[in-house]
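Right, one structure below, let's go through it.
Read-outs throughout are calculated quantities, based only on the coordinates presented, and are distinct from any laboratory measurement. Computed from a predicted structure; not experimentally measured. Quick reminder, even Gly has a Cβ in these numbers, built from the backbone with ideal geometry, and neighbours come from all protein chains shown.
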Amino acid sequence: MKKFQLLFLPTNQGFDYYFGLPFSNDMGSNARPAKGPYDPLPIMRNEEIIERGPDQALLTKRYTEETVQFIEENKAPGAGYHKLAGQNTEEYYE
């Protein structure tokens, strides 16, 4: 990930924690070959790439599991929190 791109991650925009794709899920190595080549799509935790080329069919499940784990590890009696979830889904056009 390029240094300037790190500036736009949620952790540099006021969010305490981030898990997900740093840009559109149609920019992976298999998407839009005429526009590429792109590196395999990264999935990130905060500012660290933890995997490249994740199975997009499992992203919603992974986001949910990550959210539950985060809440369990960070819950405090009487404390509230805000979770923003933008799910990636595949779109098919005919």
Q) Label LYS61 and PHE15 with points 7 Å out from Cα along Cα→Cβ: what is the distance between them in nm? A) 2.3
Q. Quick one: if the Förster radius is 30 Å, what FRET efficiency do LYS75 and PHE8 give, using the C-beta to C-beta distance and rounding to 0.05?
A. 0.55
